[in-house]
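A.B. asks: Take this structure first; my questions come after.
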There are 2 protein chains.
Amino acid sequence: MAVTRLLPAWRRSRRTEPDRSDPFVAALVAALSPDRVRVDATERRLVAHDASIFGGGRAGPVVFPETVAEVQAVVRLAAEYDRALVPRGAGTGLAGGAIPLAGAVVVSTTRMNRLLSVDPVNRRAWVQPGMINLDLTRAVAAHGLHYAPDPSSQQACTIGGNVANNSGGPHCLAAGVTSQHVLAVEVVLPDGRVVVLGGEDPEPPGLDLRGVYVGSEGTLGITTAVLVRLTPDPPAVTTLLFGFDTVTDGAATVGAVIAAGIVPAALEMMDRRITRAVEEFAHAGYPTDVEAVLLVELDGPPGRVAAEAAAVERIARDHGAGYVRVAADDAERALLWKGRKNAFGAISRVKPDYYLHDTVVPRRRLVEVLEAVYRIAEAHDVIVMNVFHAGDGNLHPLLIYDAREPGAVERVHAAGAEIIEASLAAGGVLSGEHGIGVEKRDFMNLFFSDVDLEQQARVRSAFDPACRANPGKVLPAGHSCADIAALTAVPDGVWV
Amino acid sequence: MAVTRLLPAWRRSRRTEPDRSDPFVAALVAALSPDRVRVDATERRLVAHDASIFGGGRAGPVVFPETVAEVQAVVRLAAEYDRALVPRGAGTGLAGGAIPLAGAVVVSTTRMNRLLSVDPVNRRAWVQPGMINLDLTRAVAAHGLHYAPDPSSQQACTIGGNVANNSGGPHCLAAGVTSQHVLAVEVVLPDGRVVVLGGEDPEPPGLDLRGVYVGSEGTLGITTAVLVRLTPDPPAVTTLLFGFDTVTDGAATVGAVIAAGIVPAALEMMDRRITRAVEEFAHAGYPTDVEAVLLVELDGPPGRVAAEAAAVERIARDHGAGYVRVAADDAERALLWKGRKNAFGAISRVKPDYYLHDTVVPRRRLVEVLEAVYRIAEAHDVIVMNVFHAGDGNLHPLLIYDAREPGAVERVHAAGAEIIEASLAAGGVLSGEHGIGVEKRDFMNLFFSDVDLEQQARVRSAFDPACRANPGKVLPAGHSCADIAALTAVPDGVWV
């Protein structure tokens, strides 16, 4: 007792649960309701990480607002008590963007998951940020519409998270990624004002702040509603699967299809290792004796789909496809996709943990960078499997490991960093669709000049001068809102 | 002599040409060369207006930099002497965006008109901002590529101006407007730093400042290079022309074509008046006894184009098209386009002046808004003709008048304001593709909330805290950089 009393107040509470009589917590409870402000250690530990391999998260109170007014109330209280805020959807992010640092308040959008309105004529819908991607597609299916971006996590990830990360997916080759499907965003700014960025028209007048918001990973404010574009279901769809003796042949087929003026709905490649793992897990009928499989989906009016399918098959055979399979019906189509969509589940049979990487390289340098990826993984004694959006050069090397093995995580991190450098050296890009988060924050200097980054920091400050919105993410050390230690008023240890 | 000496220095120079020994002008001359810094009244009068009906321009020195370093030098001198800057391409803008206010320095890009590099494999090119739109398409034609956005002014307008206004054109229905074709922009910021916004990848990591820059009308900096996306020439093209007894039938055809899942390359409508004027001028063979003509262009692989052309023809006939013409060859295609592309030239035979309006309305409300446009024009005793991008609801009412008639300009302005209000009341947008400039600046309040505009102003300030880049444009009075009088250190009268 005596010893504790000598410690400053915040020291005393180290490793204990924060007191609900903490005036900040009490104010949050008054603004929302007791059951929607969680401070217990278990709850906070649940939201201290995302689907990435990055740790270091330390959550403050976890709040569950249900209305724009409640989000405003939380944001204003955070401003009053000088706390950082992290919006959180389903926590499926792969770059650590939703990890709360240094006791930030976690603003969960799980209770804001409704479809607000649908305009089937103009193919638009207003949705709340916590709505799950696939639920949106299901909700508008009766109108013959769907929401086009389909991340592999679409059964779990939210529209708000998709906006934050400008998410892609297999069908984004022809359809475009999230930014092409978001017309407007309602946002509570870090000072509590509510702003609408963008508008009903795809090219609204004035400065287009919609574009800068999509992909900003929670650093500019908290999304409270999204106006999405809906896409008509295609009248006809065909799915084809090809097997090649070399990855080079598969990549050449991809290039030739696009050079022929055909833009498939999806163009996915998988290497031998991941194909075998998938086949053992999902039994989709994938060939296991080839070096690469290529999954091609074509959609549109029936006549066009038939003509393009014939052309794609011819091109693939010309480029050495020894295995050709054309889905005969919807059941077979679903089966072929089952293989691709279960790739990440399948690898758990190999090792318990994985790190899913994400870079983009010019299509013509795919093969060369893939070879570098295999070399790098081997040098670091890490198993690598490759599944990727071949059509746009978006690589997703899967580094597979067992975190319980001493040194495994460090080897994976080292290999990941070298893969980034190899991709950039080939004229590639830091991130395809998973965002920057904490994962790639300190690689931003490899990609942008200091002036470029400084200008990004200035624009961030125009939204969030006090650095309260997801600080410590995206912009690297040395730029504003990057230095967590300097940003938080919460003493280390209180929110363990 | 005695009288003049009593006047302050700047008073003495009223209505005379600024002295080249003015230290600011001398510094510009030292940084560039004497022939590339123009201060004579004629030269400055030439750049004091654009293609709009807005006056009030007053140019300071007109400079013609040739390199990024020279643009930097000009911008830094402007900062040192606290002068405003207006970048200027071809001056074909229709909203007054390039009009220099209060003696701003006019930075002409006409000497920065080169193609810097072409990457035909990845279909990209770096171009200087002063390159003319059509020159770019011609320069890459040998690669089977073209630059997709095709404003009606494409023979004169520049890529830099297209970026500033996020310009569209007839072929932007399927292809998308400028923002979809610009991957990166090199910009000299108002403090002289050089920044690259965006990157080779369509979805670069970090904050996407490319999106906010495209369409910012010179208010964020001066473009010195643009990375554009090039589009493969379509293997097949078909152009069809339909005539309808009512505008309603034409509009219903547009809706039905899009509902059928067909996205034509272009979908242009013209009313009876403009069709007659065009036919008398261009002799394109348009029918003159119909209420509306619809020009439809389809492109893509030959099989698809043929199938879609048959479908579009069937839909048009089902919706009452009494006149149907399918271009038999390229010569006939060119003739059909000649009518549409000469619409603005044709009307000079009716009256010497025109005001080309630009709003967007939801497609399903096209007919209703068109009827309102006719009523408004009649009430103000102004002739109106309509030519528009029907596919995306982008109206271009042409108000035709003779500026020499007393009160004509005022009546046109009054009608224009009512057309904006009618469009917005129908759920429309302030501007389709011509920008805000000075024309629609003070209508921005009808479209955006104060918080929305304030956030746009803050982002503008993150680029240009001193309000030196094209002040007085885009953002309405009451927001930063809107008040010209407070912004310029140039006393009224020096730069007449």
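A.B. asks: For A:Ala260 and A:Ala403, what does the FRET efficiency come to when R0 = 45 Å and r is the distance between their Cβ atoms, rounded to the nearest 0.05?
C.D. replies: Efficiency at R0 = 45 Å is approximately 0.50.
A.B. asks: Normalising by the residue count of chain A, find the relative contact order in percent from Cα pairs under 8 Å and 6+ residues apart.
C.D. replies: On the way: 1083 pairs, mean separation 82.9, N = 496.
Reported relative contact order: 17 percent.
A.B. asks: Still on this structure: With a point put 7 Å past each Cα toward its Cβ, work out how far B:Thr288 is from A:Ala425 in nm, to one decimal.
C.D. replies: 7.1
A.B. asks: At a temperature of 20 °C and a viscosity of 1.002 mPa s, determine how fast the protein assembly as shown diffuses translationally according to Stokes-Einstein, using the Kirkwood radius over alpha-carbon pairs as Rh; express D in µm²/s, rounded to the nearest whole number.
C.D. replies: Approximately 71 µm²/s, per Stokes-Einstein.
A.B. asks: Could you work out how far apart the two model spin labels at B:Ala310 and A:Glu200 are, taking each label as a point 7 Å from the Cα in the direction of the beta carbon, and quote it in nm?
C.D. replies: Each label point lies 7 Å from its Cα, and together they span 3.8 nm.
A.B. asks: Convex hull over the Cα atoms of chain B, averaged projected area in nm²?
C.D. replies: Its Cα hull, projected and averaged over all orientations, spans 24.5 nm².
A.B. asks: Using only Cα atoms, tell me the angle between helix B:68-80 and the longest principal axis of chain B; keep it within 0 to 90° and round to the nearest 10.
C.D. replies: Once rounded, one gets 50 degrees.
A.B. asks: Could you list the square roots of 5 times each eigenvalue of the Cα gyration tensor of the range B:351-425, that is, the equivalent ellipsoid semi-axes, sorted largest first and rounded to whole Å?
C.D. replies: Largest first, the range B:351-425 gives 22, 12, 9 Å.
A.B. asks: While we're on this one: Viscosity 1.306 mPa s, temperature 10 °C: what is the translational diffusion coefficient of the range A:115-232 from Stokes-Einstein with a Kirkwood Rh over Cα pairs, rounded to a whole number of µm²/s?
C.D. replies: Values: Rh = 14.0 Å.
Value of D from the Cα-based Kirkwood radius: 113 µm²/s.
A.B. asks: Right, something else. With no other cysteine's Cβ closer than 4.7 Å, which Cys residues of the protein assembly as shown count as lacking a disulfide-compatible partner?
C.D. replies: For the protein assembly as shown, the answer is A:Cys157, A:Cys172, B:Cys157, B:Cys172, because their Cβ atoms have no other cysteine Cβ under 4.7 Å.
A.B. asks: By how many degrees, 0 to 90 and rounded to 10, does the Cα axis of helix B:272-282 deviate from the longest principal axis of chain B?
C.D. replies: It works out to around 80 degrees.
A.B. asks: With +1 assigned to the C-beta of every Lys and Arg and -1 to the C-beta of every Asp and Glu, and no other charges, what is the dipole magnitude of the range B:19-101 about the Cα centre in debye, to the nearest 20?
C.D. replies: Working: 9 positive and 10 negative charges, 35 e Å.
For this selection, approximately 160 debye.
A.B. asks: Expressed as an acute angle from 0 to 90° and rounded to the nearest 10, what is the orientation of the C-alpha long axis of helix A:302-318 relative to the principal long axis of chain A?
C.D. replies: So the helix axis and the longest Cα principal axis differ by about 70 degrees.
A.B. asks: What does the structure give for A:259-266 when I average, per residue, the other chain Cβ atoms found within 10 Å of the residue Cβ?
C.D. replies: Mean partner shielding for this stretch: 2.
A.B. asks: Give the average over all directions of the projected area of the C-alpha convex hull of the range A:201-341, one decimal, in nm².
C.D. replies: Projected over every direction and averaged, the Cα hull of the range A:201-341 covers 11.7 nm².
A.B. asks: Hey, another quick one. List the residues whose amide H sits under 5 Å from the amide H of A:Tyr323, counting only those 5 or more places along or on another chain, with H placed 1.01 Å from N in the peptide plane.
C.D. replies: Counting only residues 5 or more places away or on other chains, the set is A:Gly243.
A.B. asks: What's the total accessible area buried between chains B and A, using a 1.4 Å probe, rounded to the nearest 100 Å²? Write out the running numbers ahead of the final one.
C.D. replies: Details: alone 20100 and 20120 Å², together 35820 Å².
Interface between B and A: roughly 4400 Å².
A.B. asks: Say the dipole of the range B:115-232 comes from +1 at the beta carbon of Lys and Arg and -1 at that of Asp and Glu; which of B:His146, B:Leu209, B:Val182 then lies farthest toward its positive end?
C.D. replies: The residue sitting most towards the positive pole is B:His146.
A.B. asks: How large is the dipole of the protein assembly as shown about the Cα centre if only Lys and Arg carry +1 and Asp and Glu carry -1, each at its Cβ, rounded to the nearest 20 debye?
C.D. replies: 1680
A.B. asks: Which FRET efficiency value, to the nearest 0.05, do you get for B:Asp82 and A:Ala477 by plugging their Cβ-Cβ distance into 1/(1 + (r/R0)^6) with R0 = 25 Å? Walk me through the numbers on the way to the answer.
C.D. replies: Numbers: r = 35 Å, r/R0 = 1.39.
Computed FRET efficiency for B:Asp82 and A:Ala477 comes out at 0.10.
A.B. asks: Further, regarding this structure: For A:Met385, tell me the accessible area in Å² from a 1.4 Å probe, rounded to the nearest 10.
C.D. replies: 10
A.B. asks: Could you tell me the calculated FRET efficiency between A:Glu280 and A:Tyr374, based on Cβ-Cβ distance and R0 = 25 angstrom, to the nearest 0.05?
C.D. replies: It comes to 0.75.
A.B. asks: Give a quick list of trypsin sites (Lys or Arg not before Pro) in the range A:372-419 that DSSP marks as loop, anything other than H, G, I, E or B, with at most 16 other Cβ atoms within 10 Å. Before the final figure, lay out the partial values.
C.D. replies: On the way: sites: A:Arg375, A:Arg404, A:Arg411; in loops: A:Arg404.
Filter output for the range A:372-419: A:Arg404.
A.B. asks: While we're on this one: Residues of the range B:255-286 with backbone nitrogen within less than 18 Å of a virtual label 7 Å along the Cα-to-Cβ line of B:Asp318, please, listed as ranges.
C.D. replies: It comes to B:255-264, nothing else.
A.B. asks: For the range B:326-480, with the dipole built from +1 on Lys and Arg beta-carbon atoms and -1 on Asp and Glu ones, taken about the Cα centre, which of B:Val412, B:Ala469, B:Met444 lies farthest toward the positive end?
C.D. replies: Working it through, the farthest residue towards the positive pole turns out to be B:Ala469.
A.B. asks: Return the calculated 222 nm mean residue ellipticity for chain A, to the nearest 500 deg cm²/dmol, obtained by summing -39500 (n - 2.57) across DSSP H runs with n ≥ 4 and dividing by the residue count.
C.D. replies: Details: 19 runs with 172 residues, N = 496.
That comes out to -10000 deg cm²/dmol.
A.B. asks: What is the total of Lys pairs in chain A with C-alpha atoms under 28 Å apart, excluding same-chain pairs fewer than 8 positions apart?
C.D. replies: 5
A.B. asks: Turning to a different aspect of this structure: With no solvent and one equal point scatterer placed on each C-alpha of the range B:47-96, evaluate the Debye formula and give log10 I(q)/I(0) for q = 0.15, 0.26, 0.31 Å⁻¹, two decimals.
C.D. replies: -0.48, -1.03, -1.19
A.B. asks: Accessible area per residue, 1.4 Å probe, Å², for the range B:25-65: what's the number?
C.D. replies: 37
A.B. asks: Would you kindly find the accessible area of B:Arg138, with a 1.4 Å probe and non-protein molecules such as ligands, DNA and RNA excluded, rounding to the nearest 10 Å²?
C.D. replies: Counting only protein heavy atoms, B:Arg138 exposes about 150 Å² to solvent.
A.B. asks: By Cβ position, which chain A residue lies least far from the axis that rotates chain A onto chain B, and what is the distance to the nearest whole angstrom?
C.D. replies: A:Gly211, 1
A.B. asks: Of all DSSP beta bridges located in the protein assembly as shown, what percent are antiparallel, nearest 5?
C.D. replies: Working: 116 of 132 bridges.
Expressed as a percentage, antiparallel bridges in the protein assembly as shown total about 90.
A.B. asks: How many Cβ atoms of partner chains, on average, are near each residue of B:447-459 if near means within 10 Å of its Cβ? Walk me through the numbers on the way to the answer.
C.D. replies: Numbers: counts 5, 6, 4, 2, 6, 11, 3, 3, 12, 7, 3, 8, 9.
Across B:447-459, the average partner-chain Cβ count within 10 Å equals 6.
A.B. asks: Considering only the label points, 7 Å along Cα→Cβ from Cα, what distances in nm to one decimal separate B:Gly345 from the same position in each other copy, shortest first?
C.D. replies: Between copies, matching label points for B:Gly345 lie 6.4 nm apart.
A.B. asks: Okay, moving on. Give me the inter-chain shielding for B:430-436: mean count of other chain Cβ atoms within 10 Å, whole number please.
C.D. replies: Mean shielding by partner chains, rounded to a whole number: 3.
A.B. asks: Measuring label to label, 7 Å along Cα→Cβ, what does A:Glu378 give against each other copy in nm, shortest first?
C.D. replies: Ordered by distance, the counterparts are at 8.1 nm.
A.B. asks: Give the residue from B:Gly243, B:Gly60, B:Leu370 lying farthest towards the positive end of the charge dipole for chain B; charges sit on Cβ (+1 for Lys and Arg, -1 for Asp and Glu) and the dipole is referred to the Cα centre.
C.D. replies: Selected residue: B:Gly60.
The values are calculated or read from the model by the stated rules, or taken from the named source; none is laboratory data. Because the structure is predicted, anything quoted here is derived from the model rather than measured. Positions of Cβ are backbone-derived with ideal geometry, glycine not excepted, and every protein chain shown enters the neighbour counts. Just the protein is used for accessible areas: all its heavy atoms, side chains included, with ligands, DNA and RNA removed. Shrake-Rupley method; radii C 1.70, N 1.55, O 1.52, S 1.80 Å.
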